[in-house]
Amino acid sequence: GGVSHAIRSAIRQFNNLTISLPFLETLYQRHDQTLVYLAASSPDLIPLQKSLCDAFDSIKFPQPRRFLPHITIGKIKRTDPTTTKRVIDHISNFDYQPLPPFEVDHLTLYESLLSSKGSTYQKLSTFRLNPQNLHM
């Protein structure tokens, strides 16, 4: 469909990405769960995201307000503010040793299926990035 075509055209010029995970962080959301995540970093992530957003805009596909490249470790359910702050402080004091960088060679499109039991995800398509010729 339109989304698959938009992704295919948006990633055409992008090579495989090398991703590093330099920080373990929390994102406190006052009226929602607190996110615990590893921040993802790569020089090509922002240009890739911009290319995808431009392609999605052209088909009037809704866009997130902000881009936070990350890997979710977990979510802290909203309880009382004191407990939440104590858990966030504990995570902030954790001695995170960054994992080795890794290569991403494809993007996968999932559909979110929301129910009263939570979210499940159904894989729809996989899109390959261009392999880099590092040994020329």
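Quick rundown of the values:
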quantity	calculated
Unique match (being without any contact (Cβ under 8 Å) to a residue 24 or more places away in the chain and open to solvent by 40 Å² or more (accessible area, probe 1.4 Å)) among 47, 43	43
Selection status of residue 121, over 21 Å from residue 13 (Cα atoms), under 18 Å from the mean Cα position of the chain (by Cα), at pLDDT 90 or above and hydroxyl-bearing (Ser, Thr, Tyr)	yes
Filtered residues of the stretch 106-129 (kept if in contact (Cβ under 8 Å) with a residue 40 or more places away in the chain, touching a Ser or Thr at 6+ places or on another chain (Cβ under 6 Å) and not hydroxyl-bearing (Ser, Thr, Tyr))	109
Matching residues in the stretch 49-70 - criterion: being in contact with a helix residue (DSSP H, G or I) (Cβ under 7 Å, 6 or more places away or on another chain) and within 17 Å of residue 127 (Cα to Cα)	51, 52, 55, 56
Residue match in the stretch 51-61 (condition: farther than 29 Å from residue 132 by Cβ, open to solvent by 70 Å² or more (accessible area, probe 1.4 Å), assigned to a helix (DSSP H, G or I) and not polar (S, T, N, Q))	no
Yes/no for residue 8 being loosely packed, with under 12 Cβ neighbours inside 10 Å and not hydrophobic (A, V, I, L, M, F, W, C)	no
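The values are calculated or read from the model by the stated rules, or taken from the named source; none is laboratory data. What you are looking at is a predicted structure, and each value in this text was computed from that prediction instead of being measured. All Cβ positions, glycine included, derive from the backbone under ideal geometry; neighbour counts span all protein chains shown. In case anyone asks, the SASA skips ligands and DNA or RNA and just uses the protein heavy atoms, side chains included. Shrake-Rupley method; radii C 1.70, N 1.55, O 1.52, S 1.80 Å.
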